[in-house]
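A.B. asks: Got a structure for you, written out below as structure tokens; questions coming shortly.
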Amino acid sequence: MKLRSLIIAVAVAIAPIAIHAQTGLYLNPIAMRVTNSTADHGTFAFLGNGGTSAMFYGVNMGGYHDFKTPYAFKAGLDVRDSVLHANDAFLNNFLVGVRISGKPFHNGWKPYVEPVIGAGTSRAPATTLAVTKFEYGLYGGLDYATHHHIDFRVVEL
């Protein structure tokens with residue numbers, strides 16, 4: 001079977017599910033304290049020459065697409081990118097994962113969980129060399145529906 005025919009067959013098969021899907025975009029400010037027990041010295045010292053701690057600030061952006069399921073929960077895909085800076089150092093992580101969410105309460109609260117994988121990139125101050133490594137994680141959180149089309153992300157861990 002040709003790949004094109006397979007893609008068309010899958011699209012036709014999931015079309016009834018996709019009709020009731022939910023798509024969301026998000027943009028959140030983020031802050032993170034990075035610490036090290038011993039001071040690092042030299043050109044590639046990530047927290048600065050002699051530094052043991054720094055606050056990184058940036059933005060977390062992404063989007064998700066939940067498919068409607070016949071169950072009490074929804075399953076979908078999530079793509080997120082976090083960009084953080086401090087002391088001329090740079091952290092970036094690009095993650096893709098499965099989003100499982102539900103609405104067990106009838107008052108607008110929607111918990112979710114997301115196992116994710118991707119790539120993390122870091123660059124120390126005073127250098128152009130960046131290192132990218134495999135990354136994985138597990139996110140969980142709670143959204144609150146403030147409007148039919150707007151949710152407020154109360155917490156994410």
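A.B. asks: Please go through segment 98-148 and pick out each residue that is in a loop (DSSP other than H, G, I, E, B) and of a type in the set (A, V, I, L, M, F, W, C).
C.D. replies: Listed by number, the residues that qualify are 105, 124, 126, 129.
A.B. asks: Answer yes or no as to whether residue 43 is within 14 Å of residue 125 (Cα to Cα) and open to solvent by less than 90 Å² (accessible area, probe 1.4 Å).
C.D. replies: yes
Rundown of residues vs (1) hydrophobic (A, V, I, L, M, F, W, C); (2) at pLDDT 90 or above, yes/no style:
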{"site": "87", "(1), (2)": "no, no"}
{"site": "94", "(1), (2)": "yes, yes"}
{"site": "101", "(1), (2)": "no, no"}
{"site": "106", "(1), (2)": "no, no"}
{"site": "118", "(1), (2)": "no, yes"}
{"site": "127", "(1), (2)": "no, no"}
{"site": "136", "(1), (2)": "no, yes"}
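This table checks each residue for (1) without any contact (Cβ under 8 Å) to a residue 40 or more places away in the chain; (2) more than 13 Å from residue 22 (Cα to Cα).
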position	(1), (2)
58	yes, yes
61	yes, yes
67	no, no
73	yes, no
93	no, yes
108	yes, yes
113	yes, yes
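The values are calculated or read from the model by the stated rules, or taken from the named source; none is laboratory data. Quick caveat: nothing in here was measured; it's all calculated off a predicted structure. Here the Cβ is made from the backbone with ideal geometry for all residues, glycine too, and neighbour counts use every protein chain on show. For accessibility, only protein heavy atoms count, side chains too; no ligands or nucleic acids. Shrake-Rupley method; radii C 1.70, N 1.55, O 1.52, S 1.80 Å.
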